[in-house]
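Take a look at the structure below.
The values are calculated or read from the model by the stated rules, or taken from the named source; none is laboratory data. Being a predicted model, the structure only gives us computed values, none of them experimental. Cβ placement follows ideal geometry from the backbone for every residue including glycine, while neighbour counts extend to all protein chains displayed. Keep in mind that these areas ignore ligands, DNA and RNA; they rest on the heavy atoms of the full protein, side chains included. Shrake-Rupley method; radii C 1.70, N 1.55, O 1.52, S 1.80 Å.
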Amino acid sequence: MIIQPHILSKALDAALSTGADFADIFVEDTYSSQLTVLNSKADQAIVGQLYGAGIRLFFGHEIVYVTTNDLSEAGLVKAALNAAQSRGTGAASKSMPLMQVPFDSVHTFGEKPWEMNRDRKFKWLNGIDQHARARNSAVTQVEAGLNEKFQRVQIANSRGLMAYDERAYSRIRMQTFVESNGVKESSADDEGHMGTSEVYDQIDLKSLAEGAVDRAMLLTTAAYAPAGDMPVLIDNAFGGVLFHEACGHGLETTGVAKDSSVFCGKMNQKIAHECVTAIDDGTIENGWGSLNMDDEGNKTKKTTLIENGVLKSYIVDEMGSRQTGYEITGSGRRQSYKYAPASRMRNTFIAAGKDKFEDMVRDVDYGLYAKRMGGGSVNPGTGDYNFQVAEGYIIRNGRIEEAVKGACLIGRGIDTLGKITRVSDDLKLARGMCGSVSGTIPAAVGQPQVLVSSLMVGGRAK
């Protein structure tokens, strides 16, 4: 998929024909595959291809966005003219000559999804099913799936930028269901990266399956969690979903530019405990949320959002920069050409601290250890959140003791930041899919273990 520069230039000129002061074109050719094993049998094998272009125009702070599946010269020019004429009749201008911008990729890809034998993929999924069932006779159902995506994009804009990139994503996931003494529970896990799927020949899928079974079985005998305000020790890796949802979205200029974020006007102010440094990094090699360039053609980078508790940067896209005056961070992202880009997180995490996990546990007289976070909800404007704890334990007299279930964490992001008093040295990242105004995108979350001095825990036990 390569659109010739002279065609892109004609479409950009058409977009600028009624007074737009900026225009860009995002061309996409994406192959996707989804395989599923359910009840020890192949259940789904879905393959699709997405092909089209999105054309975006800026009229000051206003955006016009159109899409088309006709990538011929006539089709692109027609779509650009339709977008331009929908806004008005200002003075025409010309785009600058297009110059290819090279990006040196740090990511390595192997066999393309369509090149790899499908039997090999189903072997991984069937193996997960068999390992889970062999782990415990209480297993009643196992679902395992492999999602693959290979995306080729070409971006051109009226400032003369033209760039091309390839992205590959692969994620293997499972959910296991158990029943013991009339109690039914389930647990899920996954592995994935920005890259192709041959890595699953080396990954220990047996441990993935057995871990999910063991967690589900633990829940069948766990008591319900107590409710109340208490210290909470949140584990690393997917524990970072709380920062991502309750704080990260509030740092995107999607909300900041509209003055609808609790972090508005707080640049260079202390917003967290001094032990907290938070980073949004698009440059991690084969990182789940990494990119060579963002979906606006800007080179991605490592952005320090919070440094020693002080707000240092927002997450800024093209329009966000125009509206707020802050420097672009290479964070313009979208699910596909069907969506206009917006400021979005990439690999977002709380950086490693200096504390040892064992010391943090010993400091808690009575509290909750949230070892594994689940889903939840958040108000992006206020940062008010409610998150399920998928696996939790009581900490008593400085020791991790009995497992509990049914716990949830309730709070407000900016308040919680101020109550993180200790951060461990054991940073880990995890995969997630992030939804917002520009669709659902791969985004990594993460943190070391963090100790929140006081947090409201919702539970059923007295």
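Anything in region 304-351 that is among the acidic types (Asp, Glu) and touching a Pro at 6+ places or on another chain (Cβ under 7 Å)? List them, or say none. Working first, answer last.
Kept after step one, since they are among the acidic types (Asp, Glu), are these residues of region 304-351: 307, 317-318, 327.
Within region 304-351, just 317 meets the criteria.
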- Message: Checking the structure you have, find out if any residue of region 305-314 is open to solvent by less than 10 Å² (accessible area, probe 1.4 Å), in a loop (DSSP other than H, G, I, E, B) and out of contact with any Leu (no Cβ under 7 Å at 6 or more places or on another chain).
- Response: yes
- Message: Going through 23, 45, 74 one at a time, which residue ends up being modelled with pLDDT of 95 or more and under 30 Å from residue 127 (Cβ atoms)?
- Response: 45
- Item | Residue that is nearest to the chain's Cα centre (by Cα) [pool: residues in region 229-284 that are part of a strand (DSSP E or B) and buried (at least 24 other Cβ atoms within 10 Å of the Cβ)] | 280
- With the checklist (1) closer than 20 Å to residue 298 by Cα; (2) hydrophobic (A, V, I, L, M, F, W, C); (3) at pLDDT 95 or above in hand, flag the one item residue 101 doesn't pass. (3)
- Query: Of the conditions (1) open to solvent by 40 Å² or more (accessible area, probe 1.4 Å); (2) more than 24 Å from residue 434 (Cβ to Cβ), residue 368 fails just one. Which one is it?
  - Reply: (1)
- Query: Taking the condition in contact (Cβ under 8 Å) with a residue 60 or more places away in the chain, polar (S, T, N, Q) and over 20 Å from residue 121 (Cα atoms), does residue 158 pass?
  - Reply: yes
- Task: Would you check if residue 407 is of a type in the set (A, V, I, L, M), modelled with pLDDT of 95 or more and under 21 Å from the mean Cα position of the chain (by Cα)?
- Result: no
- Note on the structure: Of all strands (runs of 3 or more DSSP E) fully inside region 1-116, the set with 2 or more residues that are touching a residue at least 24 places away in the same chain (Cβ under 8 Å), hydrophobic (A, V, I, L, M, F, W, C) and open to solvent by less than 10 Å² (accessible area, probe 1.4 Å) is 22-38, 41-59
- Query: Out of (1) under 21 Å from the mean Cα position of the chain (by Cα); (2) part of a helix (DSSP H, G or I), what's the single condition that is false for residue 321?
  - Reply: (1)
- Task: Keeping to region 78-127, report how many residues are closer than 28 Å to residue 175 by Cβ and either among the β-branched types (Val, Ile, Thr) or in contact with a helix residue (DSSP H, G or I) (Cβ under 6 Å, 6 or more places away or on another chain) (or both).
- Result: 4
- Task: From (1) modelled with pLDDT under 95; (2) open to solvent by less than 40 Å² (accessible area, probe 1.4 Å); (3) part of a loop (DSSP other than H, G, I, E, B), pick out the condition that doesn't hold for residue 337.
- Result: (1)
- Inside region 130-168, the number of residues satisfying the requirement of being open to solvent by 50 Å² or more (accessible area, probe 1.4 Å) and touching a Pro at 6+ places or on another chain (Cβ under 6 Å) is 0
- Identify, by number, the condition in (1) part of a strand (DSSP E or B); (2) crowded, with 23+ Cβ neighbours inside 10 Å that residue 374 doesn't meet. (2)
